[in-house]
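The values are calculated or read from the model by the stated rules, or taken from the named source; none is laboratory data. Given the structure is predicted, the values throughout are model-derived calculations rather than measurements. As a convention, Cβ positions derive from the backbone with ideal geometry for all residues, glycine included, and neighbour counts pool all protein chains shown. Ligands, DNA and RNA are stripped out before the accessible areas are found, and what is left, the full protein with its side chains, is counted by its heavy atoms. Shrake-Rupley method; radii C 1.70, N 1.55, O 1.52, S 1.80 Å.
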Amino acid sequence: MIAPRCAGGAVRSTAAAAPPYASPCPAPAVTAAISVTATAEQPSGSFALCGFSTAATRLLPPAAAALREHYPQVQVRVIEAEPARCFDLLLSGDADLALVINTADLPPSADERFEQQQLLDDPLDLVVPVGHRLAERSRVSLADVADEQWIVGSPGSTYHQLVRAACMSAGFSPNVAHHADEWDTGTALVAHHFGIILVPRLARLHDWPVVRIPLHGEPAPARRILAATRLGGSSHPLARTALATITATAKTLLPTP
């Protein structure tokens, strides 16, 4: 049974089910409101995970499967969403745990409505066409491709911010020739010699005639992935189970060199 909700998504206390957090109907902006009813042995209700596209593909499904196995009475949902929307979903109570990329437009870490913790760094790789002058290199730096034509995400997108920030930190502004928001689209353009792209290590590329080259530098370019919950949410057993599974999955996908 899912406990009745207060305004803003908080779980209301009933005689049959105590809320997992704090007092009944607290301020929704600052209190965790995971919609799970605690029972004697096994929680029930719903728990939603949200995250950007790569997280929703590579990290969230194993976490959702672990929650389904350990908490069979809980309805687990996965929502693919851009980072900014993930925080909206947390605030509205439509999501309980979010994986987001750390960008300038996220709520600050001091925002008391949320708990944010660094989860992992996802290294960026350079993708060039077969036959490119750097295709035989085992590692490259961004300075090596400062004069190339670039394929980046749409202006304002997380991917666009990520690439521009990485290039600026290497001392140049990228010469943007094309915009592509899907890895497959960007890779297809690379394969046809329209430019180069950066892709995170977690992203899978389809079978195009391209070469993926690790980047090096100090620090090596990477996107920082954060886990976010409403205030108090990270201590919930379901959140802890999900985070442990995500961390273990990331270690298999991104082994330490």
*asked:* Looking at the stretch 139-150, can you tell me whether even one residue there is aromatic (Phe, Trp, Tyr), open to solvent by less than 50 Å² (accessible area, probe 1.4 Å), more than 30 Å from ARG230 (Cβ to Cβ) and under 25 Å from the mean Cα position of the chain (by Cα)?
replied: yes
*Given the conditions (1) closer than 21 Å to LEU120 by Cα; (2) free of Cβ contacts under 8 Å to residues at least 40 places away in the same chain; (3) open to solvent by 60 Å² or more (accessible area, probe 1.4 Å), and given that TRP183 satisfies all but one, which numbered condition is not satisfied?*
(3)
*For the stretch 21-34, indicate whether the set of residues that are surrounded by 18 or more Cβ atoms within 10 Å (Cβ to Cβ), at pLDDT 50 or above and of a type in the set (S, T, N, Q) is non-empty.*
no
*Residue list for the stretch 56-98, restricted to those being crowded, with 19+ Cβ neighbours inside 10 Å, of a type in the set (Gly, Ala, Ser) and under 14 Å from the mean Cα position of the chain (by Cα)*: ALA63, ALA81, ALA95, ALA98
*Go through the stretch 151-160 residue by residue and tally those that are hydroxyl-bearing (Ser, Thr, Tyr) and either at pLDDT 90 or above or surrounded by fewer than 17 Cβ atoms within 10 Å (Cβ to Cβ) (or both).*
2
*Can you tell me which residue among ALA135, ALA110 is surrounded by fewer than 20 Cβ atoms within 10 Å (Cβ to Cβ), free of Cβ contacts under 8 Å to residues at least 40 places away in the same chain and either among the hydrophobic types (A, V, I, L, M, F, W, C) or not in a strand (DSSP E or B) (or both)?*
ALA110
*May I ask you to say which residue of VAL176, VAL211, VAL163 is open to solvent by less than 30 Å² (accessible area, probe 1.4 Å), in contact with a strand residue (DSSP E or B) (Cβ under 6 Å, 6 or more places away or on another chain) and either in a strand (DSSP E or B) or of a type outside the set (S, T, N, Q) (or both)?*
VAL163
